[in-house]
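Undergrad: Sharing a structure, written as structure tokens. Questions coming.
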């Protein structure tokens with residue numbers, strides 16, 4: 001396949017999007033990458049949309065089988081691939097679910113399926129399969145991904161067959177807290193993308209140098225000079241492997257193409273993704289078709305990487321990968337987050353629709369309650385006493 005004919009469909013592709021560094025969240029293998037972004041294809045949501053200002057996520061388009069979709073009945077149906085994963089991850093998984101507890105009252109649920117259903121190939125495309133590893137890999141398909149029968153036939157070992165999540169109990173990576181890392185993955189499973197990969201929040205530091213694919217409009221929180229690509233743990237390995245391809249290519253035209261891709265490994269997400277480089281999970285998304293675009297930045301989002309994610313050594317010794325644009329935030333370092341923000345919850349609720357009422361019920365002492373007048377009359381008639389006037393001075 002010609003290198004320039006490969007397309008990038010980050011959220012509309014069969015494998016969906018995996019978030020994160022290869023040393024936190026593995027890259028999404030995609031043979032359809034395109035180093036030439038096309039902003040003419042961007043679909044933005046107008047101001048009347050119920051999702052406007054709410055999400056950087058997949059878009060809910062019922063009946064369109066060629067796009068990732070949301071979970072029916074607001075229920076993630078899942079299973080662990082084996083007993084080891086169940087034993088290692090079940091408690092951590094439950095802890096992560098609790099971090100999203102605000103979703104409960106809006107009808108969001110999790111349902112563990114039986115072993116038979118987990119192993120059923122017929123139901124593979126509708127059950128989230130959770131895999132365990134001990135080396136710090138966290139990755140998740142976005143929503144329910146598209147399953148491409150032809151892709152499965154062509155690449156049976158790597159093709160996406162349904163929703164997939166890779167989790168680890170390794171500490172010191174990502175948000176440096178395993179339940180928080182899993183909560184981040186649950187955000188992807190529900191359909192949220194990375195806050196820091198919204199291209200509208202990026203600014204090219206100067207008009208010279210590489211051609212970054214970022215729009216000119218909107219308030220900017222990141223600038224290209226603050227992306228320290230060389231600090232990524234796999235930077236040397238990936239660049240060396242591409243250089244070997246260049247050095248061994250005898251066709252001059254193909255060599256030129258490879259050299260161009262080498263030069264853009266730290267610039268264009270499509271190129272980074274093609275070579276499995278973790279920069280793909282930091283760089284701005286170049287094709288946002290079929291996505292809902294944020295109109296409001298959320299600095300507290302669990303979907304936002306901390307500055308040192310993917311920076312090598314665990315804990316505080318990790319190298320800084322990216323920081324906020326100067327003067328855009330009080331502190332340039334992007335901090336660790338241990339739980340979803342209120343806006344994260346709002347995003348998912350808006351994406352799936354049919355939210356619960358803002359209050360669970362109308363208080364009886366509210367003027368809008370049918371019991372208000374009866375309650376008022378009862379109090380004035382002395383039919384019951386105040387708490388302090390009870391027989392034993394205590395409240396039941």
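The values are calculated or read from the model by the stated rules, or taken from the named source; none is laboratory data. Just so you know, these numbers come straight off a predicted model, no measurement behind them. Neighbour counts are summed over all protein chains in view; Cβ atoms, including those assigned to glycine, are modelled from backbone coordinates with ideal geometry.
Undergrad: Here are some residues: 214, 271. Which one is in contact with a helix residue (DSSP H, G or I) (Cβ under 9 Å, 6 or more places away or on another chain), surrounded by 15 or more Cβ atoms within 10 Å (Cβ to Cβ) and under 25 Å from residue 302 (Cβ atoms)?
TA: Checking each option against the conditions leaves just 214.
Table: residues versus (1) within 24 Å of residue 290 (Cβ to Cβ); (2) touching a strand residue (DSSP E or B) at 6+ places or on another chain (Cβ under 6 Å); (3) assigned to a helix (DSSP H, G or I).
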| residue | (1), (2), (3) |
| --- | --- |
| 104 | no, no, yes |
| 146 | yes, no, no |
| 151 | yes, no, yes |
| 170 | no, no, no |
| 175 | no, no, no |
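Undergrad: Now for a different question. Looking only at residues in segment 120-144 that are in a loop (DSSP other than H, G, I, E, B) and over 30 Å from residue 317 (Cα atoms), which one is nearest to the chain's Cα centre (by Cα)?
TA: 142
Undergrad: Of all the residues that make up segment 79-136, how many are touching a helix residue (DSSP H, G or I) at 6+ places or on another chain (Cβ under 9 Å), touching a residue at least 60 places away in the same chain (Cβ under 8 Å) and over 30 Å from residue 311 (Cα atoms)?
TA: Counting residues in segment 79-136 that are touching a helix residue (DSSP H, G or I) at 6+ places or on another chain (Cβ under 9 Å), touching a residue at least 60 places away in the same chain (Cβ under 8 Å) and over 30 Å from residue 311 (Cα atoms) gives 5.
Undergrad: Oh, and also: From the list 322, 291, 329, exactly one residue is under 28 Å from residue 71 (Cα atoms) and touching a residue at least 12 places away in the same chain (Cβ under 8 Å). Which is it?
TA: 291
Undergrad: Show the residue pairs that are 6+ apart or on different chains and have beta-carbon atoms under 7 Å apart, the first residue being within segment 145-157 and free of Cβ contacts under 8 Å to residues at least 40 places away in the same chain, the second being surrounded by 15 or more Cβ atoms within 10 Å (Cβ to Cβ).
TA: As it stands, the answer is 152/159; 152/161, since those pairs meet every condition given.
Undergrad: Further question: Of 234, 226, which residue is under 17 Å from residue 203 (Cα atoms) and in contact (Cβ under 8 Å) with a residue 60 or more places away in the chain?
TA: 226
Undergrad: Where the second residue is loosely packed, with under 15 Cβ neighbours inside 10 Å and the first is farther than 16 Å from residue 183 by Cβ and lies in segment 332-343, which pairs have Cβ atoms under 9 Å and are six or more apart or on separate chains?
TA: Qualifying pairs under 9 Å: 332/326.
Undergrad: Tell me which residues, restricted to segment 183-196, are in contact with a strand residue (DSSP E or B) (Cβ under 9 Å, 6 or more places away or on another chain) and either in a loop (DSSP other than H, G, I, E, B) or more than 20 Å from residue 146 (Cβ to Cβ) (or both).
TA: 184, 186, 191, 193, 196
Each row is one residue, and each column tells you yes or no for (1) assigned by TED's automatic domain parsing to the domain that holds residue 136; (2) under 19 Å from the mean Cα position of the chain (by Cα); (3) surrounded by fewer than 21 Cβ atoms within 10 Å (Cβ to Cβ).
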{"site": "299", "(1), (2), (3)": "yes, yes, yes"}
{"site": "317", "(1), (2), (3)": "yes, no, yes"}
{"site": "322", "(1), (2), (3)": "yes, yes, no"}
{"site": "326", "(1), (2), (3)": "yes, no, yes"}
{"site": "331", "(1), (2), (3)": "yes, no, yes"}
{"site": "335", "(1), (2), (3)": "yes, yes, yes"}
{"site": "339", "(1), (2), (3)": "yes, yes, yes"}
{"site": "342", "(1), (2), (3)": "yes, yes, yes"}
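Undergrad: How about segment 308-317: which of its residues are assigned to a loop (DSSP other than H, G, I, E, B) and free of Cβ contacts under 8 Å to residues at least 40 places away in the same chain?
TA: The answer is 308, 313.
Undergrad: If you don't mind, there's one more thing I want to ask. Could you please find all residues in segment 197-247 being in a loop (DSSP other than H, G, I, E, B), within 22 Å of the chain's Cα centre (by Cα) and on the phi < 0 side of the Ramachandran plot? Reasoning before the result, please.
TA: Step one: filter segment 197-247 for residues in a loop (DSSP other than H, G, I, E, B), giving 198, 204-221, 228, 232-234.
Restricting the remaining residues to those that are within 22 Å of the chain's Cα centre (by Cα) gives 198, 213-215, 218-221, 228, 232-234.
Within segment 197-247, 198, 213, 214, 215, 219, 220, 221, 228, 232, 233, 234 meet the criteria.
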